[in-house]
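Comments concern the structure below.
The values are calculated or read from the model by the stated rules, or taken from the named source; none is laboratory data. Small disclaimer: the values here were computed from a predicted structure and weren't measured. Every residue, glycine as well, gets a Cβ built from its backbone with ideal geometry; the counts of neighbours run over all protein chains shown. SASA here: full protein model, heavy atoms, side chains in, ligands and nucleic acids out. Shrake-Rupley method; radii C 1.70, N 1.55, O 1.52, S 1.80 Å.
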Amino acid sequence: MMGKDVEEVSASLVREYLSRKGLKKTIACMDEELPRTNSSINNRSDLRRILHLEGLYKKNKTEEHPLKSMLEMIVKDRMNEGGKTKTRRHGDNQTTSSSSIDTTGNVKREEDCMENLLCDSPRLSESSVSQVIVPSQTPSEKLHKSFAVHPESERSMYSLSSSQDSLLTVSKEGFPSEKKVIDTESQKNRSSRIRRGIMAGPIASSSQESNRRRPARKAASSVMATLEDCKEAANWTNGVNTTNTKSIPLAPRESSMFSNLHTGIIDRSGHERTSDVKRRLKNSAPSPKLDGLHVLEMVLDDIENEESLCDVSRTSMPELSLDKTPMDQMTATALKEIIFGSSMACFTEEWKQQNFTFSDSPGLKYGIVQKKGGPCGVLAAVQACVLQKLLFEESSDDSLEERLEVSNVLRTKCLSLALADILWRAGNMKRATVAINTGRSLFPPIGHYKSDGILEMIMYVTVETLDDLTLVLEQHVRQFESGPFGCVLLTVSAILSRTIAIIQSDMDVPTSTLIGAHGYCTQELVNLLLCGRAVSNVFDDEMKLDSGNGNFTLLKGIKARCNIGLLSLFEHYNICKVGSHLKAPKFPIWVVCSESHFSVLFCPSEDLATDHCKEEEFDLYYYDGLANQQEPIRLTVYPHSAAGAAQNGNADSDLIPPLELCIRTKWRNAVVSWNNTDPIL
């Protein structure tokens, strides 16, 4: 299993590097091509311990400009070691160097050992291979720094013993040492060629070469693992990767001999002794193994770097055994008809490019960034639900500024929880469906249907518990946050959770759509996300209109008090009436509909949601994902003011910011102070 462990640790190391560099899209692509497993490392401390980087990590923290990722630390360390080796060789006037193992087991000049062993490996004959005995000693601290290999393979120590006869010695504790005499002159020539880069190792960038090397790493005591580790180290001897130099292949007979070494030790007669390997590995000093790490119980103990763990630990959770249903043309056609009103319509580029990426501006890291106009209704609804989780369900005793200066880990967690709430409401608290982008077309469009490159690639999963829904979203949250089509995926998920038939029954007119002219969200879509029902109105309950002759038309509104509220500029112009179920929500967060655009208004104090007749002033914070905000906008509201009453009596309200007019639909005589921020007109 060692080869598998090496792959998992390597993948986690790369993900840690990408995360520290903020390359979210690259991580998403890597997750698609190389999915994570339960063996993935979800704690930077564990990753450091497995790679034995504690000393290097502490040294890095003392630097004037410390590096961010472990991969950079390893590269810098190897480059420094290569430079030291080059200086040492120059001092020896380029004479042939070799390493030796003294009686105490201390390893000397491992770099020369790796070079010479690399040079000699193509020349080993079948008879000499039978004399090679792989060591199994307790690894020294110095060897950790020189090889940087998996702990299992560190139980083997490789060296080249130097003497007048140039003896190649590989010894094993408890076994007699076998020696192969090598011609001194040819040894010098090969060492000279190695320094000039003529006899470099195999090309590391070749995927075929990489695949051929993997099986050799499965046995910690294999000679092939010894050769490969030495080759890789030799490629970096002078601080420069020489892997692009043409490799020197083994002769066919020698290659076949080495390919059989990975299963165990070969004795004098050429027979494998795997029992000896297992016995000695079992009795050797314990080292951290992946199978001994209970990843589900790991905690993020590296507090200062907790945001980087988001990408490393995201899928370190049990996979659900759920049925995934591929999209078919019949379902895709029905989706297009409920969304656009026609199966020939397609999502605009504004919708295709939009996901739920967060802002990196100081003080606004909780905010979702809108790239272009169109899907603002979906973004505002999700933003409001994220704030609900962040401020009132995942909050602490920190100040407001500290709570809003959220880490990458926490805001991604709040996003997945917010999406779970939205879809669970849409499924009437009984079921929910999550749409997942597979990246490939699942059916060939035919007939009266126009492909848009999105619906055809969707596979969806239906769950019947909130816990399962949360787990599915945690596993696929990157598709919503940073992958393509995140906004479309949520919209499709909400529709499938509610079902198309029930959405049509929610609407006053069954032929209504969820996306209207110019790609804007309709009120039905916003209500579906906020309240779980795609009703067409914002007043409370239902309203019957007399149509004459004993007939009436039933208009459907909001049935119960919502978690998130709504304020509308249309109410100021007496076009609609927002009911108390939306105007007085459970949490002091409101989606604001103004000038054909949706944004968010919120208060960090939950008391505002319970005190409906608040007398004293309070603060509201405004966030617009499309406005390219660079700093928070704080408004101070004076709910009962004579000045506000006078302004309400003024018929000319053109100079009053629309946001203030929306606020006054709830606090009628309020005066709003923008606190030295330019009002949004």
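Quick notes
- Taken over the range 524-624, the convex hull of the Cα atoms encloses 124 Å³ per residue.
- Computed from the Cα positions only, the extents of the range 480-581 along the three principal axes stand at 53, 31, 28 Å, in decreasing order.
- Note on the range 442-497: Cα convex hull, mean projected area over all directions, 4.5 nm².
- Trypsin sites (Lys or Arg not before Pro) restricted to the range 388-449 and DSSP loop, no more than 14 other C-beta within 10 Å: LYS430, ARG440
- Legend: calculated FRET efficiency, ALA501 to LEU34, from the Cβ-Cβ distance at R0 = 30 Å, rounded to 0.05, equals 0.15.
- Derived from the Cα gyration tensor, the three semi-axes of the equivalent ellipsoid of the range 10-67 are 24, 15, 6 Å, largest first.
- Cα-projected label distance for GLU402 with SER596, points at 7 Å along beta-carbon direction, nm: 4.5 nm
- The phi-based Karplus calculation (6.51 cos²θ - 1.76 cosθ + 1.60; θ = phi - 60°) puts the 3J(HN,Hα) values of the range 74-82 at 5, 4, 4, 5, 5, 5, 5, 4, x Hz, whole numbers, x for Gly and Pro.
- Karplus (6.51, -1.76, 1.60) ³J(HN,Hα), θ = phi - 60°, over the range 480-490, in Hz, Gly and Pro reported as x: 7, 7, 10, x, x, 6, x, 5, 5, 4, 5
- In order through the range 353-362: 3J(HN,Hα) via Karplus (6.51 cos²θ - 1.76 cosθ + 1.60), integer Hz, x for Gly, Pro: 7, 8, 10, 10, 6, 8, 6, 10, 6, x
- Built amide H within the under 5 Å cut-off of CYS576, gap 5+: GLU571
- Here's the picture: a label point sits 7 Å out from the Cα of ASP619 along the beta-carbon direction, and within the range 661-681 the residues with their amide nitrogen under 19 Å of it are 671-680.
- When only alpha carbons are used to place a centre, the range 506-550 and the range 325-368 end up 20 Å from one another.
- FRET efficiency, 1/(1 + (r/R0)^6) with R0 22 Å, evaluated for LEU655 and ASN628 via beta carbons: 0.35
- List ASP611, ASP5, ASP467, ordered by accessible area with a 1.4 Å probe, largest first: ASP467, ASP611, ASP5
- Taking each of LYS559/LYS666; LYS68/LYS372; LYS372/LYS413; LYS324/LYS365; LYS336/LYS430; LYS25/LYS559 in turn, the alpha-carbon distance tops 29 angstrom for LYS68/LYS372; LYS324/LYS365; LYS25/LYS559.
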